[in-house]
Every structure is written in C-alpha cells, then in structure tokens.
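Notes follow once the structure below has been shown.
The values are calculated or read from the model by the stated rules, or taken from the named source; none is laboratory data. Model, not experiment: these values are computed from the prediction. All Cβ positions, glycine included, derive from the backbone under ideal geometry; neighbour counts span all protein chains shown. When the accessible area is computed, the model is the full protein with side chains, heavy atoms only, and any ligands, DNA or RNA have been set aside. Shrake-Rupley method; radii C 1.70, N 1.55, O 1.52, S 1.80 Å.
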Amino acid sequence: MAQLPPGIRFITSFSRDQWYRAFIFSLTFLLYASFHLSRKPISIVKGELHKHCAFSHEVELDSYKDYAAQIQPAKKPFNASQCGWAPFDKNNYKQLLGALDYSFLCAYAVGMYLSGLIGERLPIRYYLTGGMLSSGLFTAMFGLGYFYNIHNLWFYIMAQIANGLVQTTGWPSVVTCIGNWFGKGRRGLIMGIWNSHTSVGNILGSLIAAYWVSACWGLSFVVPGVIVAVMGIVCFLFLIEHPKDVSCSCTPSSIMGFISSCEVLRRDREPSISTEFVVSSKTFLNGASRCRIQMPALNAKENGKPQDPEMQHLLTDSENCSVALNSSTVVSGEGRHGTSAISFLGALRIPGVVEFSLCLLFAKLVSYTFLFWLPLYITNVEHLDAKRAGDLSTLFDVGGIFGGILAGLISDRLEKRASTCGMMLLLAAPTLYMFSTVSKMGLEATIMMLLISGALVNGPYALITTAVSADLGTHKSLKGNARALSTVTAIIDGTGSVGAALGPLLAGLISPSGWNNVFYMLMVADACALLLLLRLIQKELQCDADHTLFKEH
C-alpha cells in the first residue's frame, strides 16, 4: 500500500471541527477586512479633491492666480475645476473634508450602540449580509458623484452618513460569530492576529484607491464598494453562525477566544453549587482585576469530574482576590445556554467596561485621525502626489499589525491587559512628537516613524477591541451567552467610535493653524487615555502584590 502524499497527510491530520473553525476564522477575517477596505478611499482621495490648492499653500504664493500663472496648463477631466473638485476647491477645504469624516464616524458611533441590540435579535448571516450589501451600495454612490458631475456637498455627506450607519452591522456580528465557535485560550496573541484584519483592510483599501485616484478618483470608491458587496454575497453563501448548525462540537463556554483542541466534551453539572473560591496560581483577567480562582480540590474529588472552566467566574470585587459564591451567583445550565441578552445598563456595570470604553474613545481618536488625514499630511510635508502618499501611508497600518500582535503577546505574558495598554500609550505620546519633527527631515525618517507610530498607536486600540472585550464578555452576568457579548462589544466600540468621529473633525479644524498643533492634540488624547486606565493598572498591581503575599503565607 502506497504512502499518502505529504499534503494529504497534512489535511487529514486535522479534525473536521478544526477545519470548520479555521474556515470561520478566515472568513470573518476577510469579511471585516472588506469593511475597512471601503473606509480608506476617502483619506486617499482628499489630496485629489483639493490637489492644486494644497500645493499652493506649500509654495507660499500670495494667491491662487499667482500659482496658476507659474504652472503649465494641464489636461483635466471635464468636470474638474482648476483647484480640485467643487465644493472642496474652496479655501476652507479642510473643514469640508473634515465634515465628511465626521458625518461617517458620528453616524457609526450612534449606530453602534443600536447595532449590538438589533444584532442579538436577528440571524447573524442575514444581518451581516444586508449590512455589507448596503455598505457596498453607499460606498460606490460616493464615487458616482465623479461620473455624474455632482458638486453638492450634501450628496457626499448623506452618502457618508448612510454608509456609517450600515457599517455598524459588521463588528458585533463577526465578534458574536467568533464567540459562538471558539472558547478560552491564549486570547491576547490569537486575537491580536485576528484583529490585524483592520490593518490588512486599510492597506488593501489604500492600494486600490491610490491606483485609481489620479486618473479617475470615482473608481477609488466604486471598486471597493463592489468588493464589499461581493463579500456580502460570500457571507450569505458560506457563513455558519453556530457549530451546532453543522453538527460540530461546541465549547462549553460560548465566549470569544481560541483553544488548542476543537474536541471538548460537555459535562453534566449540578444546577446549583455553594462553594468558596480561592486564589490559585493561574489567573483570569476581567480588565478591572487580575485574580485567579479555582474550586477546592476536595469538591473536584467528590464529584469525580474535572473542573468546568465556565464555573470559574470572574471576580466582581476588584479590591479582593478571594470571594465566596453561593448558589445564587452560579449560572445554571438553563441560564448558560439561554438566549436572553444582558441589558445596556447591566453591561455598563461590569467592572472595567466604563474605563476601557472611555480609554478606547481617546485611543481611537488618535488612530482614526491618522486613518483619515495621514495621506494628506504626507502630501503636504513630503510634496508627493496623492498616489504615492496613499501608498506610503500603508506603512502606518503595517506597523499596526505588529503592534496588535505585540500587545497581545505582552498582555498574555504579563497577564495584565490594562498595564500593557498603559505602557504602549505612555510610549506613544513622545513618539508622536518625534514623528511631527522627524517626518520633515526626509522620506527615510518618515518611513521609520510611520512603522513605530503605527505599532504604538494601534496596539492598545487592537487589544481593547478584541482581547479586553472578550475578557469583559466572560463576566458571570453574561451567563455564557455569546449573543449578549455583542452588546458589551458594541458599547466599547461605540464609545470608541465617538472618539473616532471627534479626531478627524478636530484635525480638520486645527490643521489650518499648522500640523504641529494637530500632533499636540493627539498627544493630549493619548495622555487622557492613559489617565483613564490608572485605576485599573493600580488594581492589577495591587492584586499582584496580594497574590505574592498569599503565596508567601
């Protein structure tokens, strides 16, 4: 009998369940990457919408007429003005472009609070498919303004508002789907890798938009819109919401994360347990406290069954590392597998949700300011055209990929989510100041600072939206309900989106007074994000000290 080929041996070495989970991991990665792919074109096209006037400020001419007299006549599209594209060819173009960003992000922030609640009550596949098809339509609609010679500001603003609302279907949906399929594990590292879909989407969106921006900027929106719509069809055809839909084994706890093995057996449990939880050598994190809990060995022996990870509830009292739980605080089997969703106020009462949500507000403010304004900044400082500036801006997202993975690795190793975010935020503020100074010294220095800044800025943002959200979602008040996890995720990301809306708006208002002032604003935002985490960092360190003291005694 002939030996199986190496490729076949590799394929058969994985179980059916593992292949399904790998497929869902890859599919949700691509689905959300396509959302970010469609958000990036507006930042690339800004340099083209006000191309000539942007350069006129750099050469410091007294008026546009003087500048126009010095350049050779260039062949322009039939619907282009001499100063770019109306209505963005005015002197207040930065405010107008900022209004486009604000329209999208403000609608996204408002819609996100509602999206989590709506998504819990609708099938994920239909909800996400509808959102992607609608997003493709509104993204392409913005680009159609080029082909139909539309110069009405409100047309572009309404397209951005509509797109911002429908894109809120993405994040709660993919988070809930991943939560259905995966259990606990090395959450920081794995979620850091998974969360790179944002940077991958930004990079692809930049490259696609930059390819068309100089020749026909309308295609910079139409092509990404078509891609998002096609991925929506793929979602409808292939997305599997829950393992039970394909008779795949489920993890006992339906929360986000990863496990090394896909075969987890369900265990029978008593409907109620009264026992005392004590600190152990292994730690669970809930963002607000770092305490490890386990059931006494005597109890495990009496039952003759291994301890269920789902019974290991996170502590609600951050001040202490041991707590007694009675039968009323243990989730029954019926509650665990129920479909009731946590209330909005109930989610806010989970320790750490408010602090991390407000921290993400300022962290996302910085990240999205770079997302929407970095290409224009590079155009002004490096004197590059819109295409080259767009290509160069992708290095910020490349750094963001490494930053998200690094944040996950560090937080897993130290077992401190808040401290990891605080450390990166502390380094990010002076790095931003260096970026504003060094970027004026040449292209090589700009490339280096783009990579470093991207890692430090996007690291905390990636960690909070993934691993931290999952940690908070494991709190006992959620009762293992992965559908309720979308509410917690929506609150955190929705609050962060408020900052994402404010950042580009403030950049548009401040940049006329000088780009240095924009960087000062970003540094202040990083400092505020760090201040909001100080209480959680202190509790993590205090719990570490208590844990050490406990081991000594």
> Modelled label-to-label distance, Leu426 and Phe10, 7 Å Cα→beta-carbon offset: nm?
Replying inline: 4.3 nm
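Gain in length, Asn517 to Phe147, computed as 0.36 nm per residue apart minus the alpha-carbon separation, to one decimal in nm?
Roughly 129.5 nm would be gained on extension.
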> By how many nm would the segment from Met441 to Asp245 lengthen if fully extended, with 0.36 nm per residue of separation less the alpha-carbon distance?
Replying inline: 64.8 nm
> Given R₀ = 45 Å, FRET efficiency for Lys90-Gln3 by Cβ-Cβ distance, to 0.05?
Replying inline: 0.05
> Largest first, what is the accessible-area ranking of His151, His36 with a 1.4 Å probe?
Replying inline: His151, His36
>> Just to verify a number: what accessible area does Tyr108 come out at with the full protein assembly present, 1.4 Å probe, Å² rounded to tens?
In response: 10 Å²
> Ordered by packing density, taken as the mean number of other Cβ atoms within 10 Å over each peptide's residues, highest first, how do 143-149, 11-17, 95-101 rank?
Replying inline: 95-101, 143-149, 11-17
>> For the pairs Lys94/Lys440; Lys94/Lys416; Lys40/Lys90; Lys440/Lys539; Lys46/Lys364, flag any whose C-alpha to C-alpha distance is greater than 30 Å.
In response: Lys94/Lys416; Lys440/Lys539
> At a 1.4 Å probe, what is the % contribution of carbon and sulfur to the accessible area of the stretch 362-418?
Replying inline: 63 percent
